[in-house]
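Contents: one structure, followed by commentary.
The values are calculated or read from the model by the stated rules, or taken from the named source; none is laboratory data. If you're wondering where the values come from, they're calculated on a predicted model, not measured in any experiment. Neighbour counts run over all protein chains shown; Cβ positions are idealised from the backbone, glycine included.
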Amino acid sequence: MKKEVYINPLTDFGFKRIFGEERNKALLIDFLNEIIEEERKIVDIEYQPTEQTGIWDKGRKAVFDIFCKNDRDEFFIVEMQKVRQDFFMERSLFYSSFAIQKQAFKGAWDFNLKAVYTVAVLDFKLFEKEADNLDFCVERIHLVRERTGEKYSNKLNLIFIELPKFQKMLHELATNFERWLYCLKNLPELESQPEEVKGAIFDELFQEARINQLTEQDMETYRKSVLEYADVQSAIRYAHKTSYTEGINTGRVEGMNLGITVGVEQGRNMEKIAIIKNLLALHIPMNDIALIVEMSPEQVKAVAAEK
């Protein structure tokens, strides 16, 4: 097994080290400028607390991977999502609402909002019907008028980056945008910085991502992050491979008179149960499991209580 030279940016540790630290904010600025496609480039950013509360004290909190605002006071929520969830798009809207509410002033206010961008880097395919090529690996969503197709507002912006759909090889990279996607997807597989990915910002990225630059404490945190990433991916793959097929077959036998729909639905339920049990065996917190499978913590606890 070859020794890894660079950290995996799709782990919690790797993503936050590259994009979430003040000393590396030039990397985040460049990445955002490549992604949002605005004529006015971001000059500077200011990191914000990643834990946000709603208007009501007893309301649900939101914890972002990265939360910042630029020199025009526009807000950016940047997330790394490893596994697909049933209501991920709704969750993105929910997260965006915190950045919108944060702008409300007490007293007289004219509701002149600053733009909010939620950028989600996905290690899975969110829009399965699209072709697997560069033209569709980034999806930008805005508010538009249905009748005319014109943009209604530029204040709410959702950007989904589906890394599995990016298939370009090194010799095919033509823009910094493509170089960023290539690095996010392939960095831990590289043994050195390729000639095709050169320039000041990428030199900084590769230097910062070197595993031998980590302190002993950082290395321990990174190892745990890598194990968690691998364990979650393994649990999801195993559940998809075994439980889904088993559930469909069981549902077909027991519910033949009700049609194939029953079997499919039972397969989905058994898949979720298998995922929960696998993640519980890995000692992943119940609240995190609930987010992964889109169930309530109470439902997860009920599965955990089953023998």
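Tallying residues that are assigned to a loop (DSSP other than H, G, I, E, B) and free of Cβ contacts under 8 Å to residues at least 24 places away in the same chain within segment 179-229 yields 5. For segment 58-94, a residue qualifies if it is crowded, with 19+ Cβ neighbours inside 10 Å, modelled with pLDDT of 90 or more and outside any strand (DSSP E or B), and the qualifying residues are 74, 92. Among residues of segment 56-74 that are under 19 Å from residue 27 (Cα atoms), those with a Cβ under 8 angstrom from a residue that is modelled with pLDDT under 85 and among the polar types (S, T, N, Q), sequence gap 6+ or separate chain, pair up as 64/52; 67/52. Scanning segment 139-178 for residues that are part of a strand (DSSP E or B) and either in contact (Cβ under 8 Å) with a residue 40 or more places away in the chain or not assigned by TED's automatic domain parsing to the domain that holds residue 35 (or both) turns up 140, 155, 156, 157, 158, 159, 160, 161, 162.
The condition of being outside any helix (DSSP H, G or I) and surrounded by fewer than 16 Cβ atoms within 10 Å (Cβ to Cβ) holds for residue 104.
Selection within segment 161-177: residues that are surrounded by 17 or more Cβ atoms within 10 Å (Cβ to Cβ) and touching a Lys or Arg at 6+ places or on another chain (Cβ under 8 Å). The member of this set that is farthest from residue 81 (Cα to Cα) is 173. It is to be established whether one or more residues within segment 15-27 are in a loop (DSSP other than H, G, I, E, B), in the same structural domain as residue 178 (by TED's automatic domain parsing) and more than 16 Å from residue 159 (Cβ to Cβ). The answer is yes, given that some residue of segment 15-27 is in a loop (DSSP other than H, G, I, E, B), in the same structural domain as residue 178 (by TED's automatic domain parsing) and more than 16 Å from residue 159 (Cβ to Cβ). Selection within segment 28-38: residues that are part of a helix (DSSP H, G or I) and touching a residue at least 60 places away in the same chain (Cβ under 8 Å). The member of this set that is nearest to residue 48 (Cα to Cα) is 32.
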